[in-house]
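Quick note: the coordinates plus some simple rules give every number you see, no bench work behind them. This one's a predicted model, so the numbers in the text were calculated from it and none came from an experiment. FYI the Cβ positions are ideal-geometry reconstructions off the backbone, even for glycines, and counts take in every protein chain you see.
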Amino acid sequence: MLLAAGRGERMRPLTDATPKPLLSVRGKPLLQWPLEALARGGFGRVVVNTAWLGEQISARFGSVFVPQPSSAKHSMLLNKEYSADSVQIAYSHEGRDFGGALETAGGIARALPLLGEVFWVLAGDVFAPDFAFSQAAVERFVASGKLAHLWLVPNPAHNPRGDFGLSPEGLALNLPTESAQPRYTYSTIGLYRKALFEPPWCNIQAGNPQGISAPLAPLLRAAMDNAQVSAELYAGAWTDVGTPERLNDLNHLK
C-alpha cells in the first residue's frame with residue numbers, strides 16, 4: 001500500500017494545485033519511484049489511497065503502471081530491471097468517499113479488503129531510490145510471526161529525537177522521548193499483517209465504512225509493548241520530502 005492522501009501543507013504553494021506524490025523528483029513523479037521499486041521486486045498489485053487532488057493521481061497512473069527504462073540505453077535491461085511487467089493499481093479514494101484523508105491507520109483499515117494477509121506499506125512522499133522490496137524479506141517476516149516489521153533510519157535534522165528504539169534482538173522498542181537509549185526514525189517502510197488492524201489492536205471495522213480517522217503510531221506502540229514488532233536499520237539514501245527546500249535539494253544533488 002502506498003500512502004498518498006496527505007494535503008502536503010508544508011509543501012505549499014507547490015501542493016496547492018498538485019498533490020505531493022506527483023511533484024517531480026529527478027525527472028519522475030515522486031510516487032513513481034516506489035512503484036518502480038515494487039515492480040523490480042516482483043510485487044504486481046498495489047493499493048494507493050488518495051484524498052487531496054486524488055483524481056490527478058489516478059489520472060496520472062491509471063489502473064496499470066508499466067515501468068519504463070530511464071533511457072534508450074537501458075531498454076535492453078528492461079526485463080532484468082523489472083521482474084514484473086506491470087503493476088496493477090487499485091485506489092482507495094478517501095477524499096471522494098469521506099471528504100478528506102483518514103490518517104494512516106484509518107486509511108489502511110479502509111483499504112484492508114483490498115490487501116493480502118501480509119503487505120508492504122510506504123508513504124508516497126518518501127524518497128528511498130535504492131530500497132529493495134524483496135520476496136526474501138516477506139518470507140522472513142511471515143516466518144517471524146510478528147505483526148509488523150519496520151525499517152528505521154538515522155535521525156534526520158527535522159526529527160532529531162527519532163521515533164522508536166531497536167533492541168539487540170531486532171525488536172522495535174517503544175522508548176520514551178527522553179530515553180538514554182538511541183531512538184531512530186521510522187522510514188515509513190514496513191511489512192504488516194492484517195491482524196494488526198483487527199481487534200484487539202485496532203477497533204476499526206475492516207473497510208472503515210464510518211470513515212474513522214486514526215493514526216498508526218498508537219497501534220505500533222501497543223504491539224511493541226507486547227514484543228510484536230521487529231525492526232532493522234536501513235542505511236541507504238532516504239529523504240522525507242516534506243518541504244520545498246528538501247525537494248529542491250534532491251533535485252540539485254548530483
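Taking θ as phi - 60° and the Karplus parameters 6.51, -1.76 and 1.60, the scalar couplings of region 9-17 work out to 4, 6, 8, 5, x, 4, 9, 5, 10 Hz in sequence order, x denoting glycine and proline.
From its DSSP helices (H runs of at least four residues, each -39,500 (n - 2.57)), the chain gives a residue-normalised ellipticity at 222 nm of -6500 deg cm²/dmol.
Within the chain, the longest run free of GluC sites (Glu not before Pro) that sit in a DSSP loop with at most 10 other Cβ atoms within 10 Å is 1-116.
Across region 124-134, computed HN-Hα scalar couplings (Karplus, 6.51 cos²θ - 1.76 cosθ + 1.60, θ = phi - 60°) run x, 10, 10, 10, 9, x, 9, 5, 9, 7, 10 Hz from first to last residue, x flagging Gly and Pro. For the chain, the dipole from Cβ point charges (+1 on Lys and Arg, -1 on Asp and Glu) about the Cα centre works out to 380 debye, to the nearest 20. Derived scalar couplings between HN and Hα for region 196-204 equal 5, 9, 10, x, x, 7, 9, 9, 7 Hz in order, rounded to whole Hz, by the Karplus curve 6.51 cos²θ - 1.76 cosθ + 1.60 (θ = phi - 60°), x for Gly and Pro. The lysine pair tally for the chain, using Cα distances under 28 Å and a gap of 8 or more places or different chains, is 9.
The translational diffusion coefficient of region 2-252, from Stokes-Einstein at 25 °C and 0.890 mPa s with a Kirkwood hydrodynamic radius over alpha carbon pairs, comes to 131 µm²/s. Loop-located trypsin sites (Lys or Arg not before Pro) in region 154-206 (DSSP state not H, G, I, E or B) with no more than 14 neighbouring Cβ atoms inside 10 Å: ARG161.
Beta-bridge orientation, the chain: approximately 55 percent antiparallel, per DSSP, counting only bridges with both partners inside.
For region 162-254, the dipole from Cβ point charges (+1 on Lys and Arg, -1 on Asp and Glu) about the Cα centre works out to 200 debye, to the nearest 20. For region 1-15 versus region 170-214, the inter-centroid distance based on Cα atoms is 21 Å.
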